[in-house]
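Engineer: The structure is given below, and queries will be raised subsequently.
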Amino acid sequence: TDMCGAPAVSPNKKYLVSSRCDLQARFDFNGIQMFDVGSDSLIPNWSRELNKWGADDITWMNDHTLIAKKLQVDSANSNLVSSFIKLSCIGK
């Protein structure tokens, strides 16, 4: 299965998430992908391409919450600025 970045498996082992941040070159997918873990395959659940920010180092906080490093380009000097963001995955 093609993924945008390194996978992270949910604590309950039902989901897998991956992310990629490409804000500066914009050659690759910049976003987050979610998969359901099937008995013998991964099933795409949702995918979101991001325009104004990117997600890096995404990991699971619990079965329904993700934590990611949020990267944005500082318009004053074109440097990447990071913070952390919590994403809820309730109801997929």
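Engineer: Would you mind giving the three semi-axes, in whole Å and largest first, of the ellipsoid equivalent to the chain according to its Cα gyration tensor?
Structural biologist: Largest first, the chain gives 25, 14, 9 Å.
Engineer: Give, as a single signed number, the net charge of other residues whose beta carbon lies under 11 Å from the beta carbon of D63, with Lys and Arg counted +1 and Asp and Glu -1.
Structural biologist: +2
Engineer: Another question, then. Accessible area per residue, 1.4 Å probe, Å², for segment 6-92: what's the number?
Structural biologist: Values: 5510 Å² over 87 residues.
Result: 63 Å² of accessible area for each residue.
Engineer: Within a Cβ distance under 14 Å of I85, other residues only, what is the Lys/Arg minus Asp/Glu net charge?
Structural biologist: Value of the local net charge: +3.
Engineer: Give the calculated FRET efficiency between Q72 and S41 to the nearest 0.05, with a Förster radius of 35 Å applied to their Cβ-Cβ distance.
Structural biologist: 0.50
Engineer: Along the charge dipole of segment 16-78, which of F35, L23, W46 sits closest to the positive end, that is, farthest toward it, with unit charges on the beta carbon of Lys, Arg, Asp and Glu (+1, +1, -1, -1)?
Structural biologist: Working it through, the farthest residue towards the positive pole turns out to be L23.
Engineer: Is any residue of segment 41-83 close enough, with backbone N under 16 Å, to a label point placed 7 angstrom from the Cα of F27 along the Cα-Cβ axis, and if so, which?
Structural biologist: Within reach of a label on F27, which here means backbone N under 16 Å from a point 7 Å along Cα→Cβ, segment 41-83 contributes nothing.
Engineer: Report the chymotrypsin sites (Phe, Trp or Tyr not before Pro) located in the chain that are in a DSSP loop and have at most 12 other Cβ atoms inside 10 Å of their Cβ, or state none.
Structural biologist: F27
Engineer: Oh, and also: Using a 1.4 angstrom probe on heavy atoms only, work out the carbon and sulfur share of the accessible area of the chain in %.
Structural biologist: Summing carbon and sulfur atoms, their accessible area is 48 percent of the total for the chain.
Engineer: Please work out how many pairs of lysine residues in the chain are eight or more positions apart (or on different chains) and have Cα atoms closer than 15 angstrom.
Structural biologist: Eligible lysine pairs with Cα atoms under 15 Å apart amount to 6.
The values are calculated or read from the model by the stated rules, or taken from the named source; none is laboratory data. All figures in this text were calculated on a predicted structure; none of them were measured in a lab. Methodologically, a virtual Cβ is constructed for each residue, glycine included, from the backbone with ideal geometry; neighbour enumeration extends over all protein chains shown. With ligands, DNA and RNA removed, areas are computed over all heavy atoms of the protein, side chains included. Shrake-Rupley method; radii C 1.70, N 1.55, O 1.52, S 1.80 Å.
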